[in-house]
Amino acid sequence: MIRNLLQDIEASVHGKLFHVGLLAALTFPDIAGALDSENGRANPKKYERWFDEYVAPKYIPPKYIACGDKPLITGKDCYQYRCKLLHQGQVIHSKSRYAKSLFLFTKLDNVAYCGALALDDGQTLTIDIPFFCRNMVMGAYAWLDKVEETSRFKERSAQLMELFQLSFGN
């Protein structure tokens, strides 16, 4: 199921179904955090820890860009995106480092180094959706390599929802 979900995220982006890919990518840290936890349940801290370990390092700007060593997107930021986009269809920042975040699906020339760029003296963050989804999928595969053979993962993943395709002789 996990590998199928990751393939679906990739296929969504490849097929230019950016909303679908982004929404699925934003839910993945919840699934991973729950599968890898003692009680098998998701919560914001597990989500943030998973993202910070497997994805946030991809958003640390190169040394030649004076932004500091903190990732442009942290687990806390991503959890806010997840909540706002999944529940209200918008990104509102009440406790965010950024006044505004823009998810882009048209590649900009100046958004190439890590798929995100802080603008307006750090007030606005632009995030390239295909790059974000790929980073999430790459983080997920790195996580899978680490946990896939553990008894906890095997036990919990056996309980995941599965999708089946029915064929009626087409």
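Compute the projected area of the convex hull of the Cα atoms of region 2-88, averaged over all viewing directions, and report it in nm² to one decimal place.
Details: hull surface 26.9 nm².
Hull-based average projected area comes out at 6.7 nm².
Sort the following peptides by mean Cβ neighbour count (other Cβ atoms within 10 Å, averaged over residues), highest first: 78-84, 24-30, 137-143, 2-8.
Order by mean packing, descending: 24-30, 78-84, 137-143, 2-8.
Every number in this text was worked out from the coordinates using simple rules, so none of it is lab data. Computed from a prediction, not measured in an experiment: that's the story for all the values here. Cβ coordinates were reconstructed from backbone atoms using ideal geometry, including for glycine residues, and neighbour counts include every protein chain displayed.
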